[in-house]
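Just below is one structure, and these are the notes that go with it.
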There are 2 protein chains.
Amino acid sequence: MSRLAIALDLGGSQLRAGLIEESGTMLRRNSMPTPANAGPDIVIKAMAGMAKDIAEGIEPHRVAGLGVSSPGPLDTELGLALGLPNLAGFSDFPLRDRLSEATGLSVSLENDGIAAAIGEWKQGSGQGLSHLVYVTVSTGIGGGVIADGRVLRGRRGMAGHIGHMIVIPDGAPCPCGNRGCWEAYACGPAFARRASERLGRQVDAESVFRSAEAGDAPAQALVAEQADILGIGIVSLLHLYSPEMVILGGGLLHGFSLLDAGIRSRISRSAMPAFRDVRVAKAALFPDSGLIGAGMLVFGTSQA
Amino acid sequence: MSRLAIALDLGGSQLRAGLIEESGTMLRRNSMPTPANAGPDIVIKAMAGMAKDIAEGIEPHRVAGLGVSSPGPLDTELGLALGLPNLAGFSDFPLRDRLSEATGLSVSLENDGIAAAIGEWKQGSGQGLSHLVYVTVSTGIGGGVIADGRVLRGRRGMAGHIGHMIVIPDGAPCPCGNRGCWEAYACGPAFARRASERLGRQVDAESVFRSAEAGDAPAQALVAEQADILGIGIVSLLHLYSPEMVILGGGLLHGFSLLDAGIRSRISRSAMPAFRDVRVAKAALFPDSGLIGAGMLVFGTSQA
């Protein structure tokens, strides 16, 4: 019988679980609302419960371990959640050890952006590549980098906080506390806010995409602007990491077909010539890139 | 008898050579003006001549190879100079193979920023670290990254073009052809230009530093502004690569003692808390970081 990984993806709104084969196939899948305000004890209990439920009826010796994707910043060397913006009480919290105690499993903890990069690298759009940057555009902007055939981790495993590149010094306030981060301009809520201001009524990203698709000129202008803002950050990422492919995931990527041309146009205009042919692709596993990546961590396939 | 590396550092103005032991000790050193406008044939001839001269009297079997640091963008996988801004005729030029033919030596070619990062990692301020970012601030801004105990190379070896992060979209023109790059605001010439405009007379970076040191308030304001611009880019680098240390080299670093506090202040203000304790240090080997790094390449010590 093949070995299985239990994977958990701890999000600010959803807590998701998967039972995953070494091939990346997800055999079972489950989700529940994250008890985000209930404090770490309740969250740990919920996570351990989901891990147990998803492996119901599976012989324990088949379970290779528990892979966990969590928002950052984490210290993945020490297994700590340093301070999770959307989860009350997670400050310098020993997430890895507490989960290991609660489940009796060995736990691999990874930043959600890096977990998704691993998922896309091993099973998604980036299969077979040596260098890729994964960018998730949703409530915030997160990311993960594969370079030279390995996961880029950096000190304390904190590399790849790509949403917090400064694109306008002292510009718009960012949830991280700084100003002018890429995230502050390019994340989903920033797009919706800009659209609402411009159109004079409350709209969400989905509805702007729908209007743009239907030919509405102001909506199309907003989408073009959003694509350009994404492209500006991506140009920097090309120069910084030199990937073969940039993979876009996250909720905003429902609009990928509308954003793609504008992103490419900014790359053609602003990237140095040697970087202009890099592919930009949609995450193939969305919304499960991180869950599958967390599973892959368990099998140790994330390291060259 | 110990093995020796011949190292060449091809700069826009100076061509430098070194004879280097595996320990990093430079036994001999030489330099000449780069024949920058004479075309590749003459440059190759000059480089081969310097390599020969520096190894004069050394038994050939002791020479392990030739390490070359060159401005980018290079494709170090194929050994190509893709287009060197300050050297006429170097466009998709097979620099590695031509130097190998001209010298009879095996040639290791590296981007100058990465070569300097290797030098500082192996023999300079970054010894013993697993994660560092080297930043050179001179005519342009270049860099190199060590992450997870290895050199970060990326596709075609082009990672680490840190000067071309966009810090002001569609801002000041940059020599790379784009606008708003960090280099366009933070490099030496940008500092001198800003100072000259502000002071109403032609000044260079050196003289602004001297005036600031002597207590001149407008010069001190210019230095503070320059430190802040450097700090803004460094904050992004912390979030992107998560180094243990940022090492600053290049001509502008003569003013390091004046810039240091302003850089640190920007980091304290704008970096996410988990990144604020990262050290910023001066390159210990300046101006030979790249030359020594090129020598280290020959001994293969750049890979974990």
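As a summary of the residue check, residue A:281 satisfies the conditions (1) surrounded by fewer than 19 Cβ atoms within 10 Å (Cβ to Cβ); (2) touching an Asp or Glu at 6+ places or on another chain (Cβ under 7 Å) except for the one numbered (2).
Of all the listed residues (B:251, B:293, B:255, B:300), the sole one being on the phi > 0 side of the Ramachandran plot and away from chain A (no Cβ under 14 Å) is B:300. Selection within the stretch A:183-201: residues that are small (Gly, Ala, Ser) and out of contact with any helix residue (DSSP H, G or I) (no Cβ under 7 Å at 6 or more places or on another chain). The member of this set that is farthest from residue A:229 (Cα to Cα) is A:200.
With the condition being over 26 Å from residue A:170 (Cβ atoms), I'd like the helices (runs of 4 or more DSSP H) fully within the stretch B:111-227 carrying at least 3 qualifying residues. The helices (runs of 4 or more DSSP H) meeting that bar are B:112-123, B:205-213. When residue B:119 is tested against (1) more than 12 Å from chain A (Cβ to nearest Cβ); (2) open to solvent by 20 Å² or more (accessible area, probe 1.4 Å), just one condition goes unmet, and that condition is (2).
The residues of the stretch A:10-23 that are within 17 Å of residue A:122 (Cα to Cα) and open to solvent by 10 Å² or more (accessible area, probe 1.4 Å), listed by number, are A:21, A:22, A:23.
Given the criteria assigned to a helix (DSSP H, G or I), open to solvent by 10 Å² or more (accessible area, probe 1.4 Å) and among the hydrophobic types (A, V, I, L, M, F, W, C), does residue A:292 qualify?
Numbers: assigned to a helix (DSSP H, G or I): yes; open to solvent by 10 Å² or more (accessible area, probe 1.4 Å): yes; among the hydrophobic types (A, V, I, L, M, F, W, C): yes.
Taking the combined requirement at face value, the residue satisfies it.
One residue stands out in the stretch B:101-113 among those that are touching a residue at least 24 places away in the same chain (Cβ under 8 Å) and either under 13 Å from residue A:274 (Cβ atoms) or of a type in the set (Gly, Ala, Ser) (or both): the one that is surrounded by the most Cβ atoms within 10 Å (Cβ to Cβ), namely B:113. Would a scan of the stretch A:266-283 turn up a residue that is within 14 Å of chain B (Cβ to nearest Cβ) and in contact (Cβ under 8 Å) with a residue 60 or more places away in the chain? There is no residue in the stretch A:266-283 that is within 14 Å of chain B (Cβ to nearest Cβ) and in contact (Cβ under 8 Å) with a residue 60 or more places away in the chain. Does residue A:289 satisfy being modelled with pLDDT of 95 or more and over 19 Å from the mean Cα position of the chain (by Cα)? Taking the combined requirement at face value, the residue does not satisfy it.
Could you list, in sequence order, the residues of the stretch A:207-229 that are within 23 Å of residue A:271 (Cα to Cα), touching a residue at least 24 places away in the same chain (Cβ under 8 Å) and either of a type in the set (A, V, I, L, M) or open to solvent by 10 Å² or more (accessible area, probe 1.4 Å) (or both)? So that I can check it myself, show each step before the final result.
Within the stretch A:207-229, the subset within 23 Å of residue A:271 (Cα to Cα) is A:221-229.
Going one step further and asking which of them are touching a residue at least 24 places away in the same chain (Cβ under 8 Å), we end up with A:222-229.
Hits for the stretch A:207-229 are A:222, A:223, A:224, A:225, A:227, A:228, A:229.
Within the stretch B:70-116, count every residue that is of a type in the set (D, E, K, R) and at positive phi. Steps first, please.
So the first thing to find is which residues in the stretch B:70-116 are of a type in the set (D, E, K, R), and the list is B:75, B:77, B:92, B:96-98, B:101, B:110, B:112.
Among the residues that remain, those that are also at positive phi are: B:92.
Final tally of qualifying residues: 1.
Can you tell me which residue in the stretch B:97-110 is nearest to the other protein chains (Cβ to nearest Cβ), limited to those that are touching a helix residue (DSSP H, G or I) at 6+ places or on another chain (Cβ under 8 Å) and assigned to a loop (DSSP other than H, G, I, E, B)? That would be B:106.
For the stretch A:162-182, a residue qualifies if it is closer than 15 Å to residue A:229 by Cβ, more than 9 Å from chain B (Cβ to nearest Cβ) and open to solvent by 20 Å² or more (accessible area, probe 1.4 Å), and exactly one does: A:172.
Could you run through the stretch B:63-96 and say how many residues are acidic (Asp, Glu) and assigned to a strand (DSSP E or B)? Result for the stretch B:63-96: 1.
When the residues of the stretch A:230-244 are filtered to those that are open to solvent by less than 10 Å² (accessible area, probe 1.4 Å) and not in a helix (DSSP H, G or I), the one that is farthest from the other protein chains (Cβ to nearest Cβ) is A:243. The condition (being within 26 Å of residue B:153 (Cβ to Cβ) and free of Cβ contacts under 8 Å to residues at least 24 places away in the same chain) is satisfied by just one residue among B:40, B:94: B:94.
Filtering the stretch B:126-160 down to residues that are farther than 25 Å from residue A:132 by Cα and buried (at least 24 other Cβ atoms within 10 Å of the Cβ), which residue is farthest from the chain's Cα centre (by Cα)?
If we filter the stretch B:126-160 for residues that are farther than 25 Å from residue A:132 by Cα, which is where we start, we get B:126-128, B:136-140.
Applying the additional criterion that residues be buried (at least 24 other Cβ atoms within 10 Å of the Cβ) yields B:126, B:136-137, B:140.
Working: B:126: 15, B:136: 5, B:137: 8, B:140: 9 Å.
Among residues in the stretch B:126-160 that are farther than 25 Å from residue A:132 by Cα and buried (at least 24 other Cβ atoms within 10 Å of the Cβ), the one farthest from the chain's Cα centre (by Cα) is B:126.
For the stretch B:252-265, the condition of being more than 20 Å from residue B:3 (Cβ to Cβ), buried (at least 21 other Cβ atoms within 10 Å of the Cβ) and in contact with an Asp or Glu (Cβ under 7 Å, 6 or more places away or on another chain) holds for none of the residues.
Yes/no per residue for (1) of a type in the set (S, T, N, Q); (2) open to solvent by 20 Å² or more (accessible area, probe 1.4 Å):
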{"residue": "B:25", "(1), (2)": "yes, yes"}
{"residue": "B:33", "(1), (2)": "no, yes"}
{"residue": "B:57", "(1), (2)": "no, yes"}
{"residue": "B:62", "(1), (2)": "no, yes"}
{"residue": "B:115", "(1), (2)": "no, no"}
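The values are calculated or read from the model by the stated rules, or taken from the named source; none is laboratory data. Bear in mind that the values here come from a model prediction, so they are computed numbers and not experimental data. Methodologically, a virtual Cβ is constructed for each residue, glycine included, from the backbone with ideal geometry; neighbour enumeration extends over all protein chains shown. Areas reflect the complete protein model, heavy atoms only, side chains present, ligands, DNA and RNA absent. Shrake-Rupley method; radii C 1.70, N 1.55, O 1.52, S 1.80 Å.
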